Amino acid sequence: MAKKVAFLQGNEAAAQGALYAGCTFFGGYPITPSTEVAEVMSNELPKIGGKFIQMEDEIGAMASVIGASLTGAKVLTATSGPGLSLKQELIGYACIAETPCVIVNVMRGGPSTGMPTGPSQSDVMCAKWGTHGDHAAICLTPASVQELFEETVRAFNLAEKYRMPVMVMPDEIVAHMRERIVFPEPGELEVVNRTAPSVSPAEYKPYDTSFGDVPPLAAFGTEYRFHVTGLNKGQDGFPTTKAAWVQAEEERQIRKVDANLDDIVTFEEYELADADVAIVAFGSTSRSARFAVNEARKQGIKAGLFRIKTFWPFPDKQIAALAGKVKRIITPEMNLGMCTGEVKRCAEGKTEVVGIFRVDGEPINPGQILEKIKEVK
Amino acid sequence: MSQRYEIRFSGAGGQGLILAGVIMAEAASIYDGKQAVQSQSYGPEARGGASKSEVIVSDDFIDYPKATVVDALLALTQEAADKYSHDLKEGGVLLIDSDLVKNVPPGKFKTVAFPIINTAKNEVGREIVANIVALGAMVALTGVVTKESAEKAVLARVPEAFLELNKKAFNMGYDKAVAAKA
């Protein structure tokens with residue numbers, strides 16, 4: 001049978017991806033340019049016995065998904081910059097309480113209310129450092145409608161597997177553009193469910209590290225009962241200030257991600273084998289970069305593209321290797337240097353890193369990148 | 001056609017131009033089996049303000065989803081004609097509403113004009129289908145999708161009670177553009 005195809009908007013694809021992954025709860029507060037995610041979920045969730053709640057604000061929305069996740073549901077919220085700022089307090093709570101949840105954040109101009117309908121890529125640092133304290137972060141930056149579907153599925157898998165919040169961050173262009181999408185059949189994409197406890201309710205501890213760095217999570221509403229708090233906690237979930245334990249726990253929560261980079265970090269290399277000039281880009285900007293690489297190649301310039309698919313954890317190892325290979329790296333992005341700073345950190349001075357920054361609400365076009373390629377080659 | 005073909009629908013927010021672009025792209029992508037990407041740019045207003053919807057059609061993979069050099073441009077308001085015609089390519093085609101765009105922007109492209117909104121209002125019977133009249137005209141002028149595919153895409157997008165109205169709007173736009181081009 002022919003696969004189901006549709007001409008879909010990015011936000012609609014994110015919602016469909018969430019449904020494919022088994023999401024049964026959405027709590028949100030609509031905001032441009034992410035509203036269509038909530039719109040689709042509000043239509044679809046009631047049909048499958050799921051729940052959609054429009055909360056009083058973004059803080060409440062984030063709290064609602066944490067609560068729903070603790071009952072065993074796969075949960076989603078969607079927002080954009082100003083909403084992401086509001087959610088940060090509870091995102092930190094999801095980090096320390098190790099509660100799986102997926103946050104789609106469509107990047108528009110900022111800070112504050114900024115440019116609601118303009119594209120941006122300036123929330124990537126907020127994905128990692130928006131909430132205070134040491135914590136691991138996973139942030140995916142898809143570049144097409146199909147990929148937004150698939151990466152939302154992967155975000156759910158990572159959230160459930162590592163018991164933590166995962167962000168999917170399309171820029172406004174990827175979220176609002178429409179492309180043909182081929183829906184994967186059920187079973188075609190991997191769908192991961194969280195590990196259930198293997199011990200009796202009496203023996204269960206919500207942070208029992210004898211089961212490894214990701215302790216099994218029981219569902220509230222079943223016979224398992226446990227304590228959840230934003231304070232540093234012991235294995236039983238109750239607050240603790242035991243110095244050695246807190247240190248070990250903080251380190252474990254970072255290690256969940258750091259020890260599994262090969263499972264989490266994804267990227268795409270295009271025409272890099274013999275490249276003198278490499279573009280490092282993500283989201284819709286990577287599409288401009290690919291266009292520019294093709295044009296440069298036509299003109300005899302050996303250019304290539306390293307496309308970041310997983311922004312956090314950052315592809316440190318791969319960028320370091322790239323910096324040792326090419327003469328120049330160009331980093332176009334719709335912010336004032338967030339990715340560029342990370343690339344420079346990884347390059348450690350081995351090659352020159354030149355940024356192209358745009359925050360005027362217009363995309364970085366291929367011509368701008370091509371010009372820079374010619375300038376620095 | 002292996003090369004990119006770039007179409008821009010522009011006017012004011014609320015005129016249905018994003019939908020016109022979506023239908024054009026669906027005709028290409030779903031019914032004609034080509035590659036297509038539709039994107040949009042609009043202000044924070046729900047109505048009014050310059051609005052544009054862009055469609056890229058190609059036989060190959062489309063990387064950059066926005067227009068680079070526009071092959072065909074629709075402008076339903078003077079503001080849109082002034083703001084969005086700068087990157088219309090030499091030899092391209094500009095379709096304007098002859099009642100609303102009095103100052104034709106300068107450039108080495110072919111301009112086709114007819115009263116698009118007035119056609120919808122007085123000849124089709126409902127001003128609300130002006131976007132479909134314009135779409136029919138753009139299908140005729142660009143030839144980038146087949147008329148049959150475009151009509152199918154229109155009818156797949158509208159409520160059943162309005163099928164005939166939209167079909168009439170689409171065909172009237174198509175025919176008027178053919179006549180105006182000649």
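The values are calculated or read from the model by the stated rules, or taken from the named source; none is laboratory data. Treat the numbers as computed from the prediction; the structure is a model and nothing was measured. Every residue, glycine as well, gets a Cβ built from its backbone with ideal geometry; the counts of neighbours run over all protein chains shown.
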Requested in this report: Could you run through the stretch B:143-179 and say how many residues are closer than 19 Å to B:Thr119 by Cα and of a type outside the set (Lys, Arg)?
Outcome: 17
Report task. Determine if the stretch B:130-152 includes at least one residue that is farther than 29 Å from B:Asp59 by Cβ and in a helix (DSSP H, G or I). Result -> yes
Requested in this report: Among the residues of the stretch B:153-170, count how many are part of a helix (DSSP H, G or I) and over 14 Å from the mean Cα position of the chain (by Cα).
Outcome: 12
Query raised in the report: If you go through the stretch A:67-84 one residue at a time, do you hit one that is within 18 Å of the chain's Cα centre (by Cα), farther than 30 Å from B:Ala28 by Cβ, surrounded by fewer than 21 Cβ atoms within 10 Å (Cβ to Cβ) and modelled with pLDDT of 95 or more?
Result: yes
Query raised in the report: Are there any pairs with C-beta distances below 8 angstrom linking a residue in the stretch A:215-239 that is free of Cβ contacts under 8 Å to residues at least 60 places away in the same chain to a residue that is among the basic types (Lys, Arg) and surrounded by 13 or more Cβ atoms within 10 Å (Cβ to Cβ), with the two at least 6 apart or on different chains, and if so which?
Result: A:Pro216/A:Arg194; A:Phe226/A:Lys205; A:His227/A:Lys233; A:Gln235/A:Lys205; A:Asp236/A:Lys205; A:Gly237/A:Lys205; A:Pro239/A:Lys233
Query raised in the report: From the list A:Glu203, A:Glu160, A:Glu223, which residue is over 30 Å from B:Gln35 (Cα atoms) and in the same structural domain as A:Lys74 (by TED's automatic domain parsing)?
Result: A:Glu160
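Out of the strands (runs of 3 or more DSSP E) lying entirely within the stretch A:251-333, which hold 2 or more residues that are within 14 Å of chain B (Cβ to nearest Cβ) and either without any contact (Cβ under 8 Å) to a residue 12 or more places away in the chain or not charged (D, E, K, R) (or both)?
Fully inside the stretch A:251-333 and qualifying: A:277-282, A:303-308.
Restricting attention to the stretch A:1-21, which residues are over 18 Å from the mean Cα position of the chain (by Cα) and more than 14 Å from every other protein chain (Cβ to nearest Cβ)? Outline the logic, then answer.
The first filter runs over the stretch A:1-21 and keeps only residues over 18 Å from the mean Cα position of the chain (by Cα), leaving A:1-9.
A:Met1 - this is the single residue of the stretch A:1-21 that is over 18 Å from the mean Cα position of the chain (by Cα) and more than 14 Å from every other protein chain (Cβ to nearest Cβ).
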Query - Residue pairs meeting the criteria (Cβ under 7 Å; at least 6 apart or on separate chains; first more than 7 Å from every other protein chain (Cβ to nearest Cβ), in the stretch B:58-73; second among the acidic types (Asp, Glu) and surrounded by 22 or more Cβ atoms within 10 Å (Cβ to Cβ)) - result: B:Ala67/B:Glu6; B:Ala67/B:Glu54; B:Val69/B:Glu6; B:Val70/B:Glu6; B:Asp71/B:Glu6
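If we only count strands (runs of 3 or more DSSP E) wholly inside the stretch A:1-66, which ones have 3 or more residues that are under 19 Å from A:Met167 (Cα atoms) and touching a strand residue (DSSP E or B) at 6+ places or on another chain (Cβ under 9 Å)?
Fully inside the stretch A:1-66 and qualifying: A:23-28.
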Report task. For the stretch A:109-189, please list each of the helices (runs of 4 or more DSSP H) lying entirely inside it that holds at least 2 residues being crowded, with 24+ Cβ neighbours inside 10 Å and of a type in the set (D, E, K, R). Result -> A:145-162
Query raised in the report: Does B:Gly43 fit the bill of being surrounded by fewer than 21 Cβ atoms within 10 Å (Cβ to Cβ), more than 11 Å from chain A (Cβ to nearest Cβ) and in a loop (DSSP other than H, G, I, E, B)?
Result: no
